[in-house]
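Worksheet for the structure shown next.
The values are calculated or read from the model by the stated rules, or taken from the named source; none is laboratory data. Quick caveat, the model's predicted, so the values are computed rather than measured. Heads up, the Cβs are rebuilt from the backbone with ideal geometry, glycines too, and the neighbour counts pull from every protein chain shown. Note: areas computed on protein heavy atoms with side chains; ligands, DNA, RNA excluded. Shrake-Rupley method; radii C 1.70, N 1.55, O 1.52, S 1.80 Å.
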Amino acid sequence: MIDMSHPRPRRRPQSFSQRFWEDGQGNVVVWQTPNRFLYTWIVTTVIGWFLPFGWFERFVSLVSLVAIVIWAILEAWKGINYFRRLLGILVLVALLITHFL
């Protein structure tokens, strides 16, 4: 049996600005704690700065590239707001330009 005594409150329509900057609870989200892919990218990038060129440096560089691509795809696809999704798309575009053109 459905309890109709307490109907769910209606969500008011959000403006584009709210969808761009806010999460579902109305918090402005620009910065989030990095996930494992972003941490992997940061660590492997810093390690790569100190490695001499060779097979191990290329491997670390590849791991770094794969980690940042996965992070960017996840942000573009499942970002908490439009800003985070746009950030993921911009990172993907920058990676395409710098690595393949």
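Quick notes
- Shown here for the range 15-101: chymotrypsin sites (Phe, Trp or Tyr not before Pro) in loop regions (DSSP other than H, G, I, E, B) with at most 11 other Cβ atoms within 10 Å, namely TRP31, PHE50, PHE53.
- Calculated from backbone phi, Karplus (6.51, -1.76, 1.60) coupling profile of the range 65-78 in Hz, x at Gly/Pro: 5, 4, 4, 6, 5, 4, 4, 5, 5, 4, 5, 5, 8, 10
- Angle between the chain longest axis and helix 82-100 axis [Cα atoms, degrees, rounded to 10]: 20 degrees
- Within the accessible area of the chain (1.4 Å probe), percent carbon and sulfur: 69 percent
- Label corresponding to Rg and Dmax of the Cα atoms in Å when calculated from the structure given, among (1) 19.6, 70; (2) 19.7, 60; (3) 14.5, 41: (1)
- Other residues whose C-beta falls under 15 angstrom from the C-beta of ALA72 contribute a net charge of +3, scoring Lys and Arg +1 and Asp and Glu -1.
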